[in-house]
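Quick notes on the structure that follows.
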Amino acid sequence: MNELSLHILDIVQNSIRANASLVQIIVNEQKASNIYTVTIIDNGHGMNAQTLSNVSDPFYTSRKTRKVGMGVSLYKMACELTEGSFTIESEENVGTKVIAAFTNDHIDRAPLGEIEETLCILVLNDKDIDVLYKHTIDTSEYVFDTREVKQVLEGIPLNNYEVIMWIKNNIKDGINTLEEERK
Amino acid sequence: MKSLDDLKKIREAAQQKVSMRGKNDGTRILVGMATCGISAGARPVMNKFVEEIAKRELNTVTVTPVGCIGECAIEPIVEVLQGDDRTTYCKVDEKAVERIITEHIIGGKPVTDYVIGKYRL
Ligand SMILES: Nc1ncnc2c1ncn2[C@@H]1O[C@H](COP(=O)(O)OP(=O)(O)OP(=O)(O)O)[C@@H](O)[C@H]1O
Ligand SMILES: [Mg+2]
């Protein structure tokens, strides 16, 4: 996985499996401190201390279909390659928070990539989970929130394809605007 | 979020025609979206389905990400469900998506080059 947005897609699958109803994805790029942080917060069933201590071990998984769980270990590796720091906090029946702080200008820091594709796929999840995406570059901010979209839609489903294309373009434009403001 | 006005227009247009559709009408496409699937290219595959469905206005076709189907070596895996029929495709790429849309979803004939079996593994 050579894009942070692919890792994000993967890590959020854990949140979905944990029956979260809200997933928050917060990307914060700070040039001054040279830190690029991706924080993923869910309100799913969380992990007990035992699971939490095993979660970064590739040979640990709660899956029944196979014996290894790779998602978290791969993400942690991508973070640590940049001399960054990787933390998971979790509480049973409360939720889980995965914080990856990358060294922003490190040569191994993967680009964010097509985050709008990742978010569209998350929006199309089967369980109607709400997604909040907040992206900050220095002091400018872009926010996307399915709860706000649903309010406008008055019951028209998010998987209506015109809606999905609107969402995709909105996110793309929003982030492009942030990047232009940085220049 | 900008251009919420455009979203309102989309809603208004959709409200005119929504009543005819039930949740399980038509075709369901499931794309395996676990770590192995994502590493093998499931995201561009799913994205291609979304774009083709939007472009061709296939209103009764839905595409949904699902968890691990259990066969990492032949990901990306895509399942097409139509009534009681289930077709499982493996090693799907964007070219395969185009064929699945035109030959199977629209044309009614599964693309045997990518099929691994008519029933669940
Ligand atoms: N957000 C979360 N909430 C609850 N449990 C989690 C969460 N994230 C990870 N876990 C637990 O940690 C385990 C390991 O996660 P990891 O993503 O590394 O592998 P996996 O999801 O089991 O398999 P893979 O990611 O390879 O498809 C999971 O099986 C699950 O038990
Ligand atoms: Mg996982």
- About its Cα centre, how strong a charge dipole does chain B have in debye, to the nearest 20, once Lys and Arg get +1 and Asp and Glu get -1 at the Cβ? 300
- residue A:49 label point, 7 Å along Cα→Cβ, cut-off 20 Å on backbone N: hits in the range A:77-100? A:87-97
- Note on the structure: For the protein assembly as shown, whose charge dipole is built from +1 on Lys and Arg Cβ atoms and -1 on Asp and Glu Cβ atoms, the candidate among B:7, B:105, A:90 with its Cα farthest towards the positive end is B:105
- Item | Among A:104, A:160, A:169, residue whose mean-square fluctuation peaks in a GNM of chain A (springs only between Cα atoms under 10 Å) | A:160
- Between residue A:152 and residue A:62, how many nm apart are label points set 7 Å from Cα along the C-beta direction? 3.6
- So the pair-distance distribution of the protein assembly as shown, from every Cα-Cα distance in 10 Å bins, comes to percents of 6, 26, 34, 25, 9, 1
- Scan chain B and report its longest stretch carrying no trypsin sites (Lys or Arg not before Pro) that are both in a DSSP loop and have at most 10 other Cβ atoms within 10 Å. B:24-117
- Using r as the Cβ-Cβ distance of residue A:128 and residue B:15, and R0 as 22 Å, what FRET efficiency do you calculate, to the nearest 0.05? 0.70
- Most fluctuating of A:162, A:91, A:83 in the GNM of chain A (C-alpha, under 10 Å) is A:162
- Rounded to 0.05, the calculated FRET efficiency for the beta carbons of residue A:105 and residue B:103 at R₀ = 45 Å is 0.40
- Message: A 24 angstrom limit on the alpha carbon distance is what I want to check against. Which of A:150/A:183; A:76/B:48; A:76/A:150; A:183/B:48; A:183/B:2 exceed it?
- Response: A:150/A:183; A:76/B:48; A:76/A:150; A:183/B:48
- Item | the range A:70-133: trypsin sites (Lys or Arg not before Pro) in DSSP coil with no more than 13 other Cβ atoms inside 10 Å | A:127
- Comparing A:44, A:113, A:71, which has the greatest mean-square fluctuation in the GNM of chain A with Cα pairs linked when under 10 Å apart? A:113
- Can you tell which of A:14, A:100, A:137 lies farthest toward the positive end of the dipole of the range A:1-159, using +1 and -1 charges on the Cβ of basic and acidic side chains (Lys, Arg; Asp, Glu)? A:14
- Query: Can you pull the percent of the protein assembly as shown's accessible area that's carbon plus sulfur, 1.4 Å probe, other chains left in place?
  - Reply: 48
- Query: In the range B:42-100, which GluC sites (Glu not before Pro) fall in coil by DSSP and have 10 or fewer other Cβ atoms within 10 Å?
  - Reply: B:57
- Item | For residues of B:7-15, the mean tally of beta carbons on other chains within 10 Å | 6
- What whole number of Å gives the distance from the Cα centroid of the range A:1-33 to the Cα centroid of the range A:112-183? 13
- Message: Please list, short to long, the whole-number percent of alpha-carbon pairs of the range B:4-118 in consecutive 10 angstrom bins beginning at zero.
- Response: 14, 44, 29, 12, 2
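If you take the accessible area of B alone plus A alone and subtract the pair, what total do you get in square angstrom, rounded to 100, with a 1.4 Å probe?
Summing both sides, the interface buries roughly 3400 Å².
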- Message: Please report the antiparallel percentage of DSSP beta bridges with both residues in the protein assembly as shown, rounded to the nearest 5.
- Response: 75
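The values are calculated or read from the model by the stated rules, or taken from the named source; none is laboratory data. This is a predicted model, so every value here is computed, not measured. Backbone-built Cβ (ideal geometry, glycine too); neighbour counts: all protein chains shown. In case anyone asks, the SASA skips ligands and DNA or RNA and just uses the protein heavy atoms, side chains included. Shrake-Rupley method; radii C 1.70, N 1.55, O 1.52, S 1.80 Å.
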